[in-house]
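Here's the structure we're looking at; comments come further down.
The values are calculated or read from the model by the stated rules, or taken from the named source; none is laboratory data. This one's a predicted model, so the numbers in the text were calculated from it and none came from an experiment. Note that each Cβ is placed from the backbone with ideal geometry, even for glycine, and that neighbours are counted across all protein chains shown. Side chains are part of the model used for accessible areas, which takes the heavy atoms of the whole protein and leaves out ligands, DNA and RNA. Shrake-Rupley method; radii C 1.70, N 1.55, O 1.52, S 1.80 Å.
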Amino acid sequence: MSDTATASGDQALVDDGIDRQLLLGRPHQHHGLLWLTAAIVLCAIFLVGYSLVTNPRFEWGVVFGWFTSERLFTGLMRTLQLTVISMTVGIVVGALLALARLAPNFIIAGVAAFLVWIFRGVPVFVQLLFWGFIAAIYPRLEVGIPFGPEFFSVDANVIITPFLAAILGLGLNEGAYMSEIVRAGLLSVHRGQTEAAKALGMRRLTILWRIVLPQAMKIIIPPTGNQTISMLKTTSLVSVLAFPELLYSAQLVYSANFKTIPLLIAASLWYLLVTSLLSLGQFYIERHFNRGTATSGRISRRSSLRKAKALRSRTTAAQEVQS
């Protein structure tokens, strides 16, 4: 009798490759530990919230008063301006470096790899300082023929303003990271598609624009959105150049009225608000480029769950009949 039961169990496993006996087992779940952890988390949240509401040193009236002030709002606009321009520079530089690293010429690929190594290896704060003090190395910027006559020259401090130094520091540093993101996206497209397009007589630029990039965007978009959010917060380092973005604007205010914590909280609230809006935009952009893929994934998961439930029901019914 036991041999027959064993044979029938083996037959059930052989037929469709699924162990129905395993499906009937119920995993042991530690609900008590989960509820204890949830209670500890809720208690911690309550204590933090109670401290935020009852501690008078936060001075929420001062926080919301300066949150809507024109001075912080002007700093926020400069922060957004820095973010947009620096990310644009970073994306353009990153795309060019990625294409250069994939070039068949080893000199171009080597120089691009060297630039990526430099700008990724040096902290962005140090790069901002270098661009801010560039006049100490090159007091005058000259235009002319190398080792020949000079056409004109200009004072470096006139050209490299704090705003331009911030753009160069943030944009070039971002370009090094974007180059790796773009290169990974381009390499994710199967090489056979490029070869097939060449066989059809398509030009290399057309292949890149019509064949490779639309497919690579699924890989490029998510990390680019993360880099944009990171760039928004990295602009706070520009305060070292005395450029009045959001954080430096708050610093100027609390250096005069000594309301340090309320002004920092007001600036943080603006950062959180803009970051949330960027995250929402990133979600819709990713959904646009992943349309079809995400839907099919959801459908396949739902169908797998339905099949598992149906198989479990049939197995339970068979067990009841046998008993």
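Table for the structure above
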read-out	value
Given (1) touching a residue at least 40 places away in the same chain (Cβ under 8 Å); (2) among the hydrophobic types (A, V, I, L, M, F, W, C); (3) assigned to a helix (DSSP H, G or I); (4) within 20 Å of Met77 (Cβ to Cβ), number of the condition Ile261 does not satisfy	(4)
Residue count for segment 79-104, restricted to those that are touching a helix residue (DSSP H, G or I) at 6+ places or on another chain (Cβ under 8 Å), surrounded by 14 or more Cβ atoms within 10 Å (Cβ to Cβ) and closer than 19 Å to Val124 by Cα	13
Candidate set: segment 255-270, residues that are surrounded by fewer than 18 Cβ atoms within 10 Å (Cβ to Cβ) and in contact with a Leu (Cβ under 9 Å, 6 or more places away or on another chain); chosen: the one farthest from Phe163 (Cα to Cα)	Asn257
Subset of segment 57-78 [open to solvent by 50 Å² or more (accessible area, probe 1.4 Å) and of a type in the set (Gly, Ala, Ser)]	Gly61
Hits in segment 122-156 (condition: open to solvent by 60 Å² or more (accessible area, probe 1.4 Å) and assigned to a helix (DSSP H, G or I))	Phe125, Phe130, Trp131, Ala136
Gly201 being outside any helix (DSSP H, G or I), loosely packed, with under 13 Cβ neighbours inside 10 Å and of a type in the set (Gly, Ala, Ser)	yes
The lone exception for Gly175 - which of (1) buried (at least 21 other Cβ atoms within 10 Å of the Cβ); (2) over 15 Å from Met231 (Cα atoms); (3) of a type in the set (Gly, Ala, Ser) it fails	(2)
Subset of segment 106-164 [among the basic types (Lys, Arg) and either farther than 27 Å from Glu245 by Cα or in contact with a Cys (Cβ under 9 Å, 6 or more places away or on another chain) (or both)]	Arg140
Failed item, numbered, when Gly192 is tested on (1) surrounded by fewer than 20 Cβ atoms within 10 Å (Cβ to Cβ); (2) in contact with a helix residue (DSSP H, G or I) (Cβ under 6 Å, 6 or more places away or on another chain)	(2)
